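Derivation of every value follows stated rules applied to the coordinates shown; laboratory data play no part. Predicted model only: the values in this text are computed from it and were never measured. All Cβ positions, glycine included, derive from the backbone under ideal geometry; neighbour counts span all protein chains shown.
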Amino acid sequence: MVIVAGHVVVDPDQRDSYLASCVHVVELARRAAGCLDFTVTADLVDAGRVNIFERWESQAAVESFRGDGPSGEQGAAVLSASVSEYDVAAVRPLT
């Protein structure tokens with residue numbers, strides 16, 4: 001399993017429009033083969049922060065979906081980013 005997690009920073013005045021531009025990507029990802037979870041959400045405390053969380057069955061599934069990355073418009077809105085991929089060796093459900 002692969003987890004992609006982190007955040008991007010956008011202008012607080014543009015965060016809502018940035019999130020709106022991500023809706024289609026989230027819909028596509030959730031329908032993609034190997035996607036277990038995919039979300040792009042507004043941070044509850046930082047008006048310019050957008051949290052990223054993805055969970056995939058495999059690295060191949062991530063790469064198959066990823067393609068060329070964010071659109072030019074989305075990329076231009078990002079002021080900074082801190083997003084990483086994690087290879088998961090074991091899972092312990094908490095519920």
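Observations on the model:
- Near the amide H of Val83, within less than 5 Å, lie the amide hydrogens of His7, all on another chain or at least 5 residues away, with H placed in the peptide plane.
- From phi via Karplus (6.51, -1.76, 1.60), per-residue ³J(HN,Hα) for the stretch 11-27 in Hz, x at Gly/Pro: 4, x, 6, 10, 4, 4, 5, 4, 4, 4, 6, 8, 4, 5, 5, 4, 4
- Within the chain, helix-based [θ] at 222 nm, where runs of 4 or more DSSP H residues each add -39,500 (n - 2.57), nearest 500: -9500 deg cm²/dmol
- Semi-axis lengths, largest first, of the ellipsoid equivalent to the stretch 22-62 are 23, 11, 6 Å, with √(5λ) applied to each eigenvalue of the Cα gyration tensor.
- Separation of the Val23 and Met1 label points, Cα + 7 Å toward Cβ, nm: 3.0
- Size descriptors for the chain, from the alpha-carbon set: Rg then Dmax equal 13.7, 40 Å.
- Mean Cα-pair separation over length for the chain, i.e. relative contact order, pairs under 8 Å, 6 or more apart, %: 45
- Comparing Leu44, Leu79, Leu19 in a Gaussian network model of the chain, where Cα atoms under 10 Å apart are tied by springs, the biggest mean-square fluctuation is seen for Leu44.
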